[in-house]
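In what follows, a structure is listed as structure tokens, so that the remarks can point back to it.
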Amino acid sequence: MNAPTVTVLVPAYNAAPYLRESIGSILAQDFRDFELLVVDDGSTDETPALLASVDDPRLRVVRQDNTGLVGALNRGLDEARGEFVARMDADDPMPAGRLSAQIRAMRADPELIVCGTDYVLFGALTGRVRMPVGDAACRQRMLLASPHCGASVMIRASALERAGLRFRTEFAHAEDYRMWTELSEHGRLGNLPMVGYLYRIHESQVSALYSVEQRQAHLRIAREHAHAVGSRPLSDDALEALLWLPRPEGPRPVAAVKAFAAVAGPAVSAVLRAPGLETLRFTGRKVVEAVARA
């Protein structure tokens, strides 16, 4: 059997309420040369039965004992046969035309190794989130936050293999952010200015269940990435104030935030150029604007 051009990788754990919609949106894509690889991470609900009911030769299911999201993602990368790996989550739909648009972009630029998209929030939060488009803007944003929506990306599989990279368990709940910082050493990053992912906000998703752990991993990645690229890293207080200001515990001292202006000026510019940025999750926009004017 010939290898497909794309592997669409979907980790799934007890995803029955939303999985049929997600799978249907993927199988309906106008680009057809792909395998849909679902890694069932030890589901105990109706997920296995639902997967068994799908009659499409492009669907391939790998079942394993529960290892968590990082383990399921890495199993999927090991099993993937495509030249490109497109990520999706089991509880979210894929808008029409995403795969074909990403394939065109990857074919047009052989140095592009990660291609994401904008995304739309629906559920408890709504709105379009605009991501940085070019490589330079992605690298600026990466000083503070992930430059990609993890489930919107298409990755060049050969870049992963050359770099010997997999998602790292020690950065669970922010594993995608860490992956982009490491992959950025091996090629260009980019996002298409189109909606390629519909992000359902609900209480049972990873970012809701593990918000504290996600925050801690995020801060560690931002600090270590600053060291790696030769920037003076922000203190944890400054990062907390800037990235997580709207959290229920309230704002951090203004003095800590002001440290940001002297350390990551390019990132301020990247934030200010992205009016649709998901400020509720990542950036205290009013604080950034105030610092930028200071």
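The values are calculated or read from the model by the stated rules, or taken from the named source; none is laboratory data. What you are looking at is a predicted structure, and each value in this text was computed from that prediction instead of being measured. We place every Cβ from the backbone using ideal geometry, glycine too, and count neighbours over all the protein chains shown.
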Fill in: Residue list for the range 43-72, restricted to those being of a type in the set (Asp, Glu) and either surrounded by 13 or more Cβ atoms within 10 Å (Cβ to Cβ) or not assigned by TED's automatic domain parsing to the domain that holds residue 29 (or both)
45, 46
Worksheet item: Among the residues of the range 47-60, is any within 22 Å of the chain's Cα centre (by Cα) and of a type in the set (Val, Ile, Thr)?
Response: no
Worksheet item: Quick check: anything in the range 155-170 over 23 Å from residue 6 (Cβ atoms), crowded, with 16+ Cβ neighbours inside 10 Å, modelled with pLDDT under 95 and not small (Gly, Ala, Ser)?
Response: yes
Practice prompt. List the number of the failed condition for residue 242; all other conditions in (1) modelled with pLDDT of 60 or more; (2) in contact with a Leu (Cβ under 8 Å, 6 or more places away or on another chain) hold.
Written response: (1)
Worksheet item: Which number in (1) in contact with a strand residue (DSSP E or B) (Cβ under 9 Å, 6 or more places away or on another chain); (2) over 19 Å from residue 156 (Cα atoms) marks the one condition that residue 77 misses?
Response: (2)
Practice prompt. Kindly list, by first and then second residue, each pair from a residue in the range 1-23 that is part of a strand (DSSP E or B) to a residue that is among the aromatic types (Phe, Trp, Tyr), limited to pairs with Cβ atoms under 8 Å and residues at least 6 apart or on different chains.
Written response: 6/31; 6/34; 6/84; 7/34; 7/84; 8/34
Response to the item:
Note on the range 115-152: residues touching a Gly at 6+ places or on another chain (Cβ under 8 Å) and among the hydroxyl-bearing types (Ser, Thr, Tyr) are 117, 119, 152
Worksheet item: Going through the range 57-74 one residue at a time, which ones are in contact with a strand residue (DSSP E or B) (Cβ under 8 Å, 6 or more places away or on another chain), outside any loop (DSSP other than H, G, I, E, B) and in contact (Cβ under 8 Å) with a residue 60 or more places away in the chain?
Response: 69, 71, 72, 73
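This table checks each residue for (1) assigned to a loop (DSSP other than H, G, I, E, B); (2) touching a helix residue (DSSP H, G or I) at 6+ places or on another chain (Cβ under 6 Å); (3) of a type in the set (Lys, Arg).
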position: 55; (1), (2), (3): yes, no, no
position: 90; (1), (2), (3): yes, yes, no
position: 94; (1), (2), (3): yes, yes, no
position: 115; (1), (2), (3): no, yes, no
position: 139; (1), (2), (3): no, no, yes
position: 143; (1), (2), (3): yes, yes, no
Response to the item:
Checked the range 75-88 for anything in a helix (DSSP H, G or I) and under 16 Å from the mean Cα position of the chain (by Cα); matches are 76, 77
